[in-house]
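Encoded as structure tokens, the structure appears first; notes follow it.
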Amino acid sequence: MIKRQHIVSDFFGEAEAMRTAFDTRVKDSYKQTVNWQYFCAPQMYTYLRTVPQQVIPEPLLGRFMQHMRQWCIDNLGLIPTGAPNLHLMVNGCTLGLHSDFHNGTWGFVYSLTRWQSRKFSGGETLLMRDGVPSYKKHHVHGEVLYELVPAHFNQLLLFDDRIVHGTQTIEGSMDPIEGRIALVGHLRATSPLVTGPLDAAAARKVVLDCQRRLGEQLREHKDVQGTITFRLAVTASGAVESVAVLTDNLVTALAGYDASAEVTAVKAMVQQAVAELVFPSSSGKSSVVAAVLVPLPDFRPIEIVVPHAGRPARLQESFKARLKDSEALGFVVDLEGDTFAVREPIAGTIRIEASRIVAAFDPPMWVPSQRDQFQAALSENLEFLAKYGG
């Protein structure tokens, strides 16, 4: 079970190919065509970033993202929130202390930095430790307050997105090949994932009903916050055979990750509830991966209706093309007749009717700001499609 932070060494078998692709793209300043965004918020952030497709061939990047997605499902019960950004940090670049509570459940940093042969100082990811320093402790400084994590080559660093973190200022070369290079992104829950013959829609309904009941039971535990994910082994009869906790970042503001009777009580209630689930029968054993956010979020489905005056067939083709450019939404979609069946980031459908576009999605296990961001981005995309796609 992964808690608070985790490091995976030698994460991806084609890391050298990814690094070679980067070096090839940036080594000749006269031929470089990478569109870098100079991201500078004075006294907070200074670095260069781009979409990774600018430097990594799409087939190679696709294999990395598939490996990343499957690893996250298997080990965390979570998925990436779309494509990561590629960060480049050279002399003077820094990421000031901040948290990413609104971006995901976990943050990740996948390093392509030649750390052992680096020619710069700084560049470590700084993770603040839990707790408030006591005034009774004299001269509290340095790694009593925080941990520094080096960005070793082919290393995946995961950490709770609520942890205050940053990146130490780089002091060294301005040469991009000698810089700190990393893919940076976030992870969060999706709708329950089913492997096996169990009907996925029926399984999602069972889990959602359980989550609603838990919302009432956990109402008094307002100080406990976080996400706990499970892998349920389900028999052909629909009974839960076993429950494996994949990740658990339930904390209280007062205790952080330290022991807490209230957190222990919440975990016990959640685990008992999922262990007692009964799914529909099927032709064999299945696996269900699901998440519970505490406090439980808004359980209303996401529903968006946008009128249009275009031709439905033309709008469908335009939407297919737009999906490729809408990476921030992180959509994984199958076309079923006249309906786009969305599997990620949450299960739902987008249907283009004669005079309107109708989107309907499961209630996500996300904090309110993440839900609001998704709804706003989806509405913007559908309104653009209705106006210009037909």
Go through (1) within 20 Å of the chain's Cα centre (by Cα); (2) over 30 Å from Val292 (Cα atoms); (3) open to solvent by 60 Å² or more (accessible area, probe 1.4 Å) one by one and return the number of the condition His6 breaks. (2)
Looking only at region 334-346, filter to residues that are within 22 Å of the chain's Cα centre (by Cα) and either among the hydroxyl-bearing types (Ser, Thr, Tyr) or open to solvent by less than 40 Å² (accessible area, probe 1.4 Å) (or both); which one of those is modelled with the lowest pLDDT? Glu344
In region 163-181, the residues that are open to solvent by 40 Å² or more (accessible area, probe 1.4 Å) and in a strand (DSSP E or B): Glu171
Unique match (being of a type in the set (Asp, Glu), closer than 23 Å to Leu208 by Cβ and not in a loop (DSSP other than H, G, I, E, B)) among Asp372, Asp298: Asp372
Apart from one, (1) free of Cβ contacts under 8 Å to residues at least 40 places away in the same chain; (2) over 22 Å from Gly62 (Cβ atoms) all hold for Val367; the odd one out is (1)
Given the structure, is Arg213 open to solvent by 60 Å² or more (accessible area, probe 1.4 Å) and within 27 Å of the chain's Cα centre (by Cα)? yes
Kindly evaluate Val109 against the criterion of being within 15 Å of the chain's Cα centre (by Cα) and modelled with pLDDT of 95 or more. yes
If you scan region 34-80, which residues turn out to be among the polar types (S, T, N, Q), open to solvent by less than 40 Å² (accessible area, probe 1.4 Å) and in contact with a Ser or Thr (Cβ under 9 Å, 6 or more places away or on another chain)? Thr46
Picked from region 127-156 (must be open to solvent by 60 Å² or more (accessible area, probe 1.4 Å) and at pLDDT 65 or above), the residue farthest from the chain's Cα centre (by Cα) is His141
Can you tell me which of Val224, Val207, Val240, Val194 is in contact (Cβ under 8 Å) with a residue 12 or more places away in the chain, at negative phi, surrounded by 14 or more Cβ atoms within 10 Å (Cβ to Cβ) and over 24 Å from the mean Cα position of the chain (by Cα)? Val240
Inside region 272-295, can you point out the residues that are in contact with a Lys or Arg (Cβ under 9 Å, 6 or more places away or on another chain) and either assigned to a helix (DSSP H, G or I) or open to solvent by 40 Å² or more (accessible area, probe 1.4 Å) (or both)? Ala273, Pro295
Quick check on my filter: what residues within region 360-390 are surrounded by 15 or more Cβ atoms within 10 Å (Cβ to Cβ) and among the charged types (D, E, K, R)? Asp362, Arg371, Glu383
Filter pass, Val184 being β-branched (Val, Ile, Thr), within 30 Å of Ala236 (Cβ to Cβ) and surrounded by 15 or more Cβ atoms within 10 Å (Cβ to Cβ): no
Filtering region 338-364 down to residues that are assigned to a strand (DSSP E or B), in contact with a Lys or Arg (Cβ under 9 Å, 6 or more places away or on another chain) and free of Cβ contacts under 8 Å to residues at least 60 places away in the same chain yields Thr339, Phe340, Ile357, Val358, Ala359, Ala360
Return a yes/no flag: does region 301-318 have any residue that is surrounded by 12 or more Cβ atoms within 10 Å (Cβ to Cβ), modelled with pLDDT under 90, within 19 Å of the chain's Cα centre (by Cα) and of a type in the set (Asp, Glu). no
Failed criterion for Gly96 (all others in (1) touching a residue at least 24 places away in the same chain (Cβ under 8 Å); (2) part of a helix (DSSP H, G or I) hold): (2)
Across (1) crowded, with 18+ Cβ neighbours inside 10 Å; (2) modelled with pLDDT of 95 or more, Trp115 clears everything bar (1)
Log entry, pairs with first residue in region 256-273 being more than 19 Å from Arg4 (Cα to Cα), second being open to solvent by 60 Å² or more (accessible area, probe 1.4 Å), beta carbons closer than 7 Å, six or more apart or on different chains, reads Met269/Gln217; Ala273/Arg213
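The values are calculated or read from the model by the stated rules, or taken from the named source; none is laboratory data. These numbers were taken from a predicted model, which means no experiment stands behind them. Every residue, glycine among them, receives a Cβ derived from its backbone with ideal geometry; neighbour counts consider all protein chains shown. Side chains are part of the model used for accessible areas, which takes the heavy atoms of the whole protein and leaves out ligands, DNA and RNA. Shrake-Rupley method; radii C 1.70, N 1.55, O 1.52, S 1.80 Å.
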